[in-house]
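See structure below.
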Amino acid sequence: ASSITASNVNFSGGTTSVSGSGYNVGGTTTISGGTLNANGLLSTAAFTLSSGTLSGTGNVTVSGTSTLSGGQMVGTGHTIANGPVVINGSIGIDEGRVLEIRGGGTWSGGNISLNPNNTGNGLAGVIRNFAGSTLNTTFDGTISASNFGGAEAGASALFDNQGVLQKTGGAGTSTWKS
């Protein structure tokens, strides 16, 4: 089920598919359960993923804050975060999905898996921190890619840091592993 209020959209269960370029939300798009299949050009002022799945071949462009506290982003589309990204829970990125961090951000909790599912297609997730963007990690987190064998070895998983990645908190180390 999905609910629409004045300028906010909440995907809380079931599956909703959106295609074309008519999705322009002036408030927050929230995925708190279920699946949003984004197969067009979607734009929103803010984005929250706390549970459920963002999937599809389309691009989701966020002008303000993107808050990622749970759930997954899958499919060959891009999530383009022009504002700050807040990662404060465990998330999965898979099947070729690219998270573009263009406005900096903070990773303060949870682990990030760039190949959490054994889908058989061989495409893993990508995080790209663009030039001019600073991603700050404030704890001892892990970015990983699962190896399910064969085509699903996680070999295409990538953290592409073109900007600044800094660690300003935590008692130990942050880990990138496959």
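For the reader, a short list of remarks on this structure follows.
- The simple spin-label model puts a point 7 Å past each Cα toward its Cβ; for residue 153 and residue 118 those points are separated by 1.7 nm.
- Reported to the nearest whole Å, the Cα centre-to-centre distance from segment 2-56 to segment 80-153 is 19.
- Translational D in µm²/s for segment 34-155 (Stokes-Einstein at 10 °C, 1.306 mPa s, Kirkwood Rh from C-alpha pairs): 112 µm²/s
- Heavy-atom accessible surface of the chain: percent carbon and sulfur, 1.4 Å: 49 percent
- With each label modelled as a point 7 angstrom along the Cα→C-beta vector, the residue 174-residue 7 pair spans 3.1 nm.
- Per residue accessible area of the chain, 1.4 Å probe, in Å²: 40 Å²
The values are calculated or read from the model by the stated rules, or taken from the named source; none is laboratory data. Given the structure is predicted, the values throughout are model-derived calculations rather than measurements. Please note: Cβ atoms are built from the backbone with ideal geometry, for glycine as well, and neighbour counts cover all protein chains shown. Heavy atoms of the whole protein, side chains included, go into the accessibility calculation; ligands, DNA and RNA do not. Shrake-Rupley method; radii C 1.70, N 1.55, O 1.52, S 1.80 Å.
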